[in-house]
1. Determine the relative contact order of the chain: mean sequence separation of Cα pairs under 8 Å and six or more apart, normalised by residue count, in whole percent.
2. Provide Rg over Rh for region 273-325; use the alpha carbon set for both Rg and the Kirkwood Rh (inverse mean inverse pair distance).
3. Accessible area per residue of the chain at 1.4 Å probe, in Å²?
4. Check which residues have an amide H placed less than 5 Å from GLY208's amide H, if you skip close sequence neighbours.
5. Could you tell me how far the Cα centroid of region 225-288 sits from the Cα centroid of region 294-315, in Å?
6. So how strong a dipole does region 194-256 carry about its Cα centre when Lys and Arg Cβ are +1 and Asp and Glu Cβ are -1, to the nearest 20 debye?
7. Give, rounded to the nearest 20 debye, the magnitude of the charge dipole that region 1-144 has about its Cα centre when Lys and Arg contribute +1 at Cβ and Asp and Glu contribute -1 at Cβ.
8. Using the membrane-span-like helix rule (whole DSSP H runs, Cα extent along the own axis of at least 24 Å, mean Kyte-Doolittle hydropathy at least 0.5), which helices of the chain qualify?
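The values are calculated or read from the model by the stated rules, or taken from the named source; none is laboratory data. Given the structure is predicted, the values throughout are model-derived calculations rather than measurements. All Cβ positions, even for glycine, are placed from backbone atoms using ideal geometry, and neighbour counts span all protein chains on display. Heads up: the accessible areas ignore ligands, DNA and RNA and are worked out on the full protein's heavy atoms, side chains in. Shrake-Rupley method; radii C 1.70, N 1.55, O 1.52, S 1.80 Å.
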Amino acid sequence: MSANGSPTGKQPTATYESAFLKACRREPVPHTPVWFMRQAGRSLPEYRKVREGIPMLESCMRPELVTEITLQPVRRHDVDAAIYFSDIVVPLKAIGLDLDIKPGIGPVVEQPIRTRADLARLRDLTPEDVPYITEAIGLLTRELGATPLIGFAGAPFTLASYLVEGGPSRTYENAKSMMYGDPELWADLLDRLADITAAFLKVQIEAGASAVQLFDSWVGALAPADYVKSVMPASAKVFEAVAGYGVPRIHFGVGTGELLGLMGEAGADVVGVDWRVPLDEAVRRVGPGRALQGNLDPTVLFTDKNTVEVRAREVLDAAAGLEGHVFNLGHGVLPNTDPDALTRLVEYVHTHSAR
């Protein structure tokens, strides 16, 4: 049986009939399922308490801590899915790259990837590189029961951008310079990252993840033609590598209104939509055969209860004609968000979308 419980000659597991996986498969659901990107994290006081004094990357390598952090929003908010607590640079750290996540900055790479010789530092990832992931997902799936667990990874373009820039960037001048000026090196870099990313997702699926999400956080910086030529082949390679497991594959990026259809074509079963494009317009851009995920503006949660409900209803109304819809924010939960606002939002969506 595949990790998400889909039938492969045996009886499905409890997660297979969950509202979240049904929505991903575009099947009828009892209510619109809800989960939030960054639902486990700084918005929760219990998260800040257990992470106190522990560096981010170290916290991603402690199975019991990962399990506790992943479960916290499920307990508090009654969301329909958990997302594995990790970071997109974990597989890069696991293969030996000298990088760290610096508070207030983000991932910083000591020696950026700039030349063909640098590619040799990107060796294959094996399950033995990340035993803590297999252990943590085993612990999690036992605790979660019928609640699905979403595995995730950073997409090749976003990982490449961090590696080439050496850290976060507003202009992507080094990454784009390589993409435009040395397309062969760029293609080989993304292809290598696609293999690493696919291996990272396979570890999570084989350990028990019910779905996976590929985060291409920075890809909105590209024009569609550049995406098709220079990025889409690598993302498609990742999705194809895990297609045989039968788990839903979600694709999300920020500022990707012009790329939504292409991101679906790359191999996604579910396309994540940020708050800039209404879902009824997003479905036109994506086309039939794929579910959508999104897309309340995270800043709405800083308003009053009535405003949150009005805006959430607008999202639900825009999604009314979709074959499959997973309610989410249009980006991650912001650190200063009131956790109670998230809990109330989940209850509102469940109540007002009940079939």
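1. Numbers: 699 pairs, mean separation 77.2, N = 355.
Relative contact order for the chain comes out at 22 percent.
2. Numbers: Rg = 11.5 Å, Rh = 11.5 Å.
Dividing the radius of gyration by the Kirkwood radius yields 1.00.
3. 40
4. When sequence neighbours closer than 5 places are left aside, there are no close amide H contacts.
5. Cα centroid of region 294-315 versus Cα centroid of region 225-288: 24 Å apart.
6. On the way: 4 positive and 5 negative charges, 11 e Å.
Here the size comes out at about 60 debye.
7. Dipole magnitude for region 1-144 comes out near 380 debye.
8. On the way: long enough: 183-207 (36 Å, 0.46).
None clear 24 Å together with a mean of 0.5.
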